[in-house]
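Chemist: Supplied in structure tokens, the structure appears directly below.
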Amino acid sequence: GGVITLDPGYKNTGSCESAITFLDGEKGILRYRGYSIEELAEKADFLEVAYLLIFGELPNQEQLDKFHADIKAKSLVDDDIKKILDAFPKSAHPMGVLSSLTSALTAFYPSPVDVSSEEAMYNSIVRILGKFPILVAWSMRKKHGLPLEYGDDKLGYVENILKMMFKNPNSEYEQNPILVDALDKLLILHADHEQNCSTSTVRITGSSHAGLFVSLASGISALWGPLHGGANQAVLEMLEAIKEDGGDTKKYMAKAKDKNDPFRLMGFGHRVYKNFDPRARIIKKAADEVLGDLGVEDPILDIAKGLEQEALKDPYFVERKLYPNVDFYSGIIYRAMGIPVEMFTVMFALGRLPGWIAQWREMRLNKEPIGRPRQLYTGATYREFKSIDKR
Ligand code: CMC
């Protein structure tokens, strides 16, 4: 073999060419298919952004209507999936449930996606976009002992998600436009982020020509960890702990800087951004607006702002260019919306779904080879086998 370059964590290794998301971590720029994240969050809705990411262009009204109709037409989930859900204990984390149920869908659509036909690929894509919100809602309702709901055809994609999550059997469900707008924005901000850990996982799983649904299931598992999507849950738990501990942010700043303490300031730092995460800027502003609109006062928002202020002027964070990332303020909005903390990373998965799909599709259309990194072997050289009585 040739010379192997070692790059643990792939800090400097490009794995593919991609035309989906542009990111400049030094300048803090993020664009989907050339459109700035700020403008998309302000002016587009989540389904338009999903279409843009997957197919490369913003849809016109007719294309968007057809896309939505096709998604709705494929949104039923087989009743046997409910039996699988039933088998989970209530204590199960919804991320584990979501990944398992996404995998379980392959039982009902066993043939791998035929990528030689755009139509077959399209059908799988609208199918998962239709079914995923149901699995998300079920993973929450199961935990809270609520009866499982199917979608409402008359509603928008994001409206429907909220209804499926929150509809209570004992009361009339009323749509709250503030929540719809907030969720729409959050999902757009999470929709893609080029070759992050979960997306690389989806691409590498799919590179063996495993199907779309299992590739997504492996992405969900990768997203779960606290260094990645799991950070949004970890941030809120950290802010709660600081509040319980009397709100002493300085103490936690010291812990985060102490190299003998495993504690990290969750929601801070990023592999690629060495400047403000542009998504964090938008989310911080949205947190203020949503809490204001809903009339919610949350002391945790003040703790978060205090931590941010301290970190931005602390030499440890300044030298290492550690800024708040997308996960720092998102949980505060989710919480104000009434979404339970163990669902935060599930909401991230819901937002990231179009990005994973777009990246998987691009990888297949580009006919990328199987992902197969190399290594530098550091183990023993040849050793003679010893029978068990001689060891
Ligand atoms: N708190 C304290 N120190 C930190 C933090 C933090 N949150 N993040 C990085 N550092 C320090 C780290 O100890 C290292 O210091 P030194 O050079 O003295 O050894 C230096 O900064 C560089 O960090 P790194 O771990 O080498 O950087 P990385 O690119 O491997 O890791 C990261 C990036 C996001 C995993 C890391 O910053 C982190 O663990 N942050 C907290 C978890 C988090 O918020 N994750 C969400 C990421 S954003 C969206 C997403 O993926 O979900």
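Chemist: Could you tell me how many of the residues in the range 166-201 are assigned to a helix (DSSP H, G or I), under 22 Å from Glu48 (Cα atoms) and within 16 Å of the ligand (Cβ to nearest atom)?
Modeler: Qualifying residue count for the region: 6.
Chemist: Just wondering, is there one or more residues in the range 8-24 that are exposed (fewer than 12 other Cβ atoms within 10 Å of the Cβ) and at positive phi?
Modeler: The answer is yes; a qualifying residue exists.
Chemist: On to the next question. Could you figure out which of (1) in contact (Cβ under 8 Å) with a residue 40 or more places away in the chain; (2) surrounded by fewer than 24 Cβ atoms within 10 Å (Cβ to Cβ); (3) part of a helix (DSSP H, G or I); (4) out of contact with any Phe, Trp or Tyr (no Cβ under 6 Å at 6 or more places or on another chain) isn't true of Ile339?
Modeler: The number of the failed condition is (3).
Chemist: Filter the range 259-269 down to the residues that are farther than 21 Å from Thr345 by Cα and out of contact with any helix residue (DSSP H, G or I) (no Cβ under 7 Å at 6 or more places or on another chain), then identify the one that is farthest from the ligand (Cβ to nearest atom).
Modeler: Restricting to residues being farther than 21 Å from Thr345 by Cα and out of contact with any helix residue (DSSP H, G or I) (no Cβ under 7 Å at 6 or more places or on another chain), the top hit is Asn260.
Chemist: Within the range 230-258, can you find the residues that are among the small types (Gly, Ala, Ser), out of contact with any Leu (no Cβ under 8 Å at 6 or more places or on another chain) and either more than 12 Å from the ligand (Cβ to nearest atom) or closer than 12 Å to Phe344 by Cβ (or both)?
Modeler: Answer for the range 230-258, where residues must be among the small types (Gly, Ala, Ser), out of contact with any Leu (no Cβ under 8 Å at 6 or more places or on another chain) and either more than 12 Å from the ligand (Cβ to nearest atom) or closer than 12 Å to Phe344 by Cβ (or both): Ala231, Ala234, Ala241, Gly246, Gly247.
Chemist: Out of all the residues in the range 287-296, is one or more farther than 27 Å from Asp192 by Cα and not in a helix (DSSP H, G or I)?
Modeler: Yes, some residue in the range 287-296 is farther than 27 Å from Asp192 by Cα and not in a helix (DSSP H, G or I).
Chemist: Can you tell me which residues in the range 274-304 are among the charged types (D, E, K, R) and surrounded by 18 or more Cβ atoms within 10 Å (Cβ to Cβ)?
Modeler: Those that are among the charged types (D, E, K, R) and surrounded by 18 or more Cβ atoms within 10 Å (Cβ to Cβ): Asp277, Arg279, Lys284.
Chemist: For the range 36-58, which positions are surrounded by fewer than 19 Cβ atoms within 10 Å (Cβ to Cβ) and of a type in the set (Phe, Trp, Tyr)?
Modeler: The answer is Phe55, and nothing else.
Read the figures in this text as sums done on the coordinates, not as results from a lab. Being a predicted model, the structure only gives us computed values, none of them experimental. Quick reminder, even Gly has a Cβ in these numbers, built from the backbone with ideal geometry, and neighbours come from all protein chains shown.
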